[in-house]
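The values are calculated or read from the model by the stated rules, or taken from the named source; none is laboratory data. Note that the coordinates shown come from a computational prediction; the quantities given were computed from them, not determined experimentally. Backbone-built Cβ (ideal geometry, glycine too); neighbour counts: all protein chains shown.
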Amino acid sequence: MGPSPVDRARPGSKHHLLVDATGIPLAWTVTGGNRNDVTQLVPLLERIPPVRGKVGRPRRRPQRVTADRGYDHDKYRRELRRRGIAPEIARRQTKHDSGLGRARWVVERTFAWLHHFKRLLVRYDRRHEIHEAFLAIGCCLVSFRRLSHSL
């Protein structure tokens, strides 16, 4: 039969995104396909650039984080609360009618925009630095297109 298609020990890479409410990427990273998603939650939060334009100290963290079940760990919920961020994370082993899908589709749509670039959908590069650079370029292009349509 062969290995299970949902086996986490497979080779490859994962894209991790943190987006705003409109789907504009704020932070991104690439990890191995066998890494747990929750390990990238805090590094993504730390990569958010300061938001400028308002009087006072630039804001560096979101008010809340909406995430799927892959990020459901009490340790990381406490870390988010310690930073003053309200976690909206679906609980594992519960029914799928939590209502978070209405907010999660924004991230999935941004992934779809990124995966229109075949270089990101199918990884050809052996070095992760090169693939992460293409992911950064893709995020910049998605942001540019999103912002130019809103003007």
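Here are a few things to note about the model shown:
- Matching entry among Ile130, Ile137 (being of a type in the set (Val, Ile, Thr) and either at pLDDT below 85 or under 18 Å from the mean Cα position of the chain (by Cα) (or both)): Ile137
- Qualifying residue in region 63-76 (condition: assigned to a loop (DSSP other than H, G, I, E, B) and small (Gly, Ala, Ser)): no
- Looking across Ala67, Ala86, Ala112, one residue alone is small (Gly, Ala, Ser), modelled with pLDDT of 80 or more and buried (at least 16 other Cβ atoms within 10 Å of the Cβ). It is Ala67.
- Scan of region 37-47 for residues that are farther than 18 Å from Arg92 by Cβ and crowded, with 16+ Cβ neighbours inside 10 Å, ordered by number: Leu44, Leu45
- Scanning region 34-59 for residues that are in contact (Cβ under 8 Å) with a residue 24 or more places away in the chain, under 16 Å from Gly12 (Cα atoms) and not in a helix (DSSP H, G or I) yields Asn34, Asn36.
- Residues being buried (at least 16 other Cβ atoms within 10 Å of the Cβ) and either out of contact with any Ser or Thr (no Cβ under 7 Å at 6 or more places or on another chain) or at pLDDT below 80 (or both) - total across region 1-36: 6
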